[in-house]
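What follows is a short report on a single structure.
The values are calculated or read from the model by the stated rules, or taken from the named source; none is laboratory data. Predicted model only: the values in this text are computed from it and were never measured. Cβ sites come from the backbone with ideal geometry, for glycine too, and all protein chains shown count toward neighbours. These accessible areas exclude ligands, DNA and RNA; they are computed on the full protein's heavy atoms, side chains included. Shrake-Rupley method; radii C 1.70, N 1.55, O 1.52, S 1.80 Å.
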There are 2 protein chains.
Amino acid sequence: MSNSADFNVGARLSAVRKMNHLSQRELAKRAGVTNGTISLIEQNRVSPSVSSLRKVLKGIPISISDFFSLEEAPRQQVFFGANELLEIGDGRISYRQVRRDLIGRTLQILHERYAPGSDTGRAMLRHQSEEGGIVIRGKLEVTIGDQRRVLGPGDAYYFDSRLPHRFRNIGEEECELVSACTPPSF
Amino acid sequence: MSNSADFNVGARLSAVRKMNHLSQRELAKRAGVTNGTISLIEQNRVSPSVSSLRKVLKGIPISISDFFSLEEAPRQQVFFGANELLEIGDGRISYRQVRRDLIGRTLQILHERYAPGSDTGRAMLRHQSEEGGIVIRGKLEVTIGDQRRVLGPGDAYYFDSRLPHRFRNIGEEECELVSACTPPSF
DNA sequence: TATTATTGTTTAATATATTAAACGTATTAA
DNA sequence: TTAATACGTTTAATATATTAAACAATAATA
């Protein structure tokens, strides 16, 4: 039986299967399980083993990671005026985040500005995530793990954010940068 | 038993548990399962049910979706000079992608340029993903679902990319934009 | 109607996961 | 050394998932 009902594996599977126009029997055949299994899973009367769930999802096909990260409903607000972004800055370093809310995203996009001499300090690893960015204007010294480099306009970085990292504006001019991170770091 | 060995649930769990400085017994206690269960799972000698895997992951804690999207190893190249980005453009619209490879990322960051009059046409829904961007320079008409708006410098958008969408530069000036998308759209 | 598919559901038999307790090993303290 | 503690592993008993086959309901066809 299942206490995964709150995650609603059954409803998700049913929805995904129907989106792909498959009957329980068709899916079962492709996946190499019985139709009874599909039925019981969709009713949340059993909690499938990971191995059988993977077999089932291969028959659709959808990755198990996508399966578990499916959103229930699409979003509504899609446009954000320049003055509608969420300002997070502290004076020296400012972050302007696309979308005003702090939850319900899988992707965080920031318009960052670094005053001359500003420094993020050293940040340690967060949850599993990746991030990257492109410098638009000015110069920025970026340290990632044991690597360091000064980036100028058009230069970019991309790394696994489990690595410790640090950003410093060592120039005389303000530095402007657009970055993205998934999942959001705050 | 398990044919999920190829996904290496065991190794992932073991790694995640150790990253959080938990012993099998400590994790078991937090999760409400026995230490034997943790041991068997980590050895890939059983394929846990989704419900018990969720219980275990709650003890860490990590979401099941993050768990399944964990990367195996950190990346190496983290800096990209302006001339090292992957040029994907076709003359009218150019994409400069952070990182030169087309696979092994969870996040796609693009520096986009739209010539006056250029148009992406209508793109239909892809895999589950979200995307957003910020206009740096120029003006861009963005259509998402049944909504349309002209965005200028500092303006932004963010949407569930299952919605059909379209970008057009209707101005006299080149438009410059940084966007991010997860997972990558190409 | 009846017939033939096709759908999702149910049930007893079987396979597998999970438990509870014991085991072996390594480390630390006395 | 001995005792005590903590670690991951193993095994028989138990709980649960999965199968195979029958069941019931709906729709299409003759």
Legend entry - Inter-copy separations for B:K29, label at 7 Å along Cα-Cβ, nm, ascending: 5.3
Inset, instruction - Would you rank A:R12, B:R137 by solvent-accessible area, highest first, keeping every protein chain in place and using a 1.4 Å probe? - result: B:R137, A:R12
Inset, instruction - State, in square angstrom and to the nearest 100, the accessible area buried between chains A and B, both chains counted, probe radius 1.4 Å. - result: 5700
Inset, instruction - Quote the FRET efficiency, to the nearest 0.05, computed for B:E172 versus B:N8 with a Förster distance R0 of 56 Å and r equal to the Cβ-Cβ distance. - result: 0.55
Legend entry - Inter-site label distance for A:T120 and B:T120 at 7 Å from Cα along Cβ, in nm: 2.6
Legend entry - For the stretch A:4-69, alpha-carbon Rg relative to the globular expectation (2.2 N^0.38 Å, N residues): 0.95
Legend entry - Carbon + sulfur, % of accessible area of the stretch B:4-68 - ligands and nucleic acids excluded, 1.4 Å: 50
Inset, instruction - Between the label point of A:L40 and that of the same position in each other copy, find the distances and list them shortest first in nm, with every label point placed 7 Å from Cα along the Cα-to-C-beta direction. - result: 1.7
Legend entry - Teacher prompt: B:V150 distances to equivalent labels in other copies, 7 Å Cα→Cβ, nm: 4.1
Inset, instruction - Go ahead and run the numbers for FRET between A:Q43 and A:R149, Cβ-Cβ distance against an R0 of 51 Å, rounding to 0.05. - result: 0.40
